[in-house]
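Everything on this sheet refers to the single structure shown next.
The values are calculated or read from the model by the stated rules, or taken from the named source; none is laboratory data. Quick caveat, the model's predicted, so the values are computed rather than measured. With ideal geometry, Cβ positions are generated from the backbone for all residues, glycine too; neighbour counts draw on all protein chains shown. When the accessible area is computed, the model is the full protein with side chains, heavy atoms only, and any ligands, DNA or RNA have been set aside. Shrake-Rupley method; radii C 1.70, N 1.55, O 1.52, S 1.80 Å.
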Amino acid sequence: MAPLPGSGLAKGLAVTLRTMTKKSVTAPYPDTQPDLPPRTRGVIGLFEENCTVCMLCARECPDWCIYIDSHKETVPAAAPGGRERSRNVLDRFAIDFSLCMYCGICIEVCPFDALFWSPEFEYAETDIRELTHERDKLREWMWTVPAPPALDPGAEEPKELAAARKTADKLAAAQAEPQEEES
């Protein structure tokens, strides 16, 4: 049976009428903080200890809003007769949030888990030049980053843990063999 002419219009008007008669709920924002989902994307936090100054985040940023400065430092040999190594030391890490489009590419490409989403969203400034946040401010936001969600109980174990457990089991078995032979 074909629908009656205008039935779609009537359904649409019914939805509109139902919505218009409901009381709207508006939270008084500054007085009442919003209840945000646990993994809300607010601002980017920096875990400086994990940053190796590989520059991947700055190279992959489509807005070029990440500024990194570093210098090389010589590390003495770990063992006698070894050679000295050089490593990059982070001097400056800044993100210009007036340019950032919050795409998260920098967080995704970081191989050392130095960048994270923080749920902080109240960082408005009166001057646009103050939206370039240096590493000390980015480090402060790191402590607001929530813990990652727990693994699904039915999910398979991560490959890294499975490999580590397999190696540990082999070592335990190898250590148990000499003890059994001694007995």
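Being aromatic (Phe, Trp, Tyr) and open to solvent by 80 Å² or more (accessible area, probe 1.4 Å) is the filter here; which residues of segment 138-177 pass it? Once the filter is applied, which keeps residues that are aromatic (Phe, Trp, Tyr) and open to solvent by 80 Å² or more (accessible area, probe 1.4 Å), segment 138-177 yields only 143.
Let me confirm something: among 76, 34, which residue is free of Cβ contacts under 8 Å to residues at least 12 places away in the same chain, within 29 Å of residue 148 (Cβ to Cβ) and either open to solvent by 20 Å² or more (accessible area, probe 1.4 Å) or in contact with a helix residue (DSSP H, G or I) (Cβ under 9 Å, 6 or more places away or on another chain) (or both)? Only one candidate qualifies: 34.
Where residues in segment 113-131 are open to solvent by less than 70 Å² (accessible area, probe 1.4 Å) and touching a residue at least 40 places away in the same chain (Cβ under 8 Å), which of them is farthest from residue 42 (Cα to Cα)? Out of the qualifying residues, it is 114.
Taking the criterion of being farther than 15 Å from residue 56 by Cα and in contact with a Leu (Cβ under 9 Å, 6 or more places away or on another chain), the residues of segment 80-115 that qualify are 96, 97, 98, 99, 100. When residue 56 is tested against the conditions (1) open to solvent by less than 40 Å² (accessible area, probe 1.4 Å); (2) in contact with a helix residue (DSSP H, G or I) (Cβ under 7 Å, 6 or more places away or on another chain), the lone failure is (1).
If you check residue 126 against the conditions, is it touching a strand residue (DSSP E or B) at 6+ places or on another chain (Cβ under 7 Å), within 30 Å of residue 33 (Cβ to Cβ) and modelled with pLDDT under 95?
Spelling it out, it is not the case that residue 126 is touching a strand residue (DSSP E or B) at 6+ places or on another chain (Cβ under 7 Å), within 30 Å of residue 33 (Cβ to Cβ) and modelled with pLDDT under 95.
Is it the case that residue 25 is open to solvent by less than 100 Å² (accessible area, probe 1.4 Å) and not in a helix (DSSP H, G or I)? Answer is no for this residue. Taking first residues from segment 43-66 that are over 19 Å from residue 101 (Cβ atoms) and partners that are among the hydroxyl-bearing types (Ser, Thr, Tyr) and open to solvent by 20 Å² or more (accessible area, probe 1.4 Å), the Cβ contacts under 6 Å between residues at least 6 apart in sequence or on separate chains come to 53/70. For residue 95, indicate whether it is at pLDDT 90 or above, out of contact with any Asp or Glu (no Cβ under 7 Å at 6 or more places or on another chain), open to solvent by 80 Å² or more (accessible area, probe 1.4 Å) and of a type outside the set (Phe, Trp, Tyr). Answer is no for this residue.
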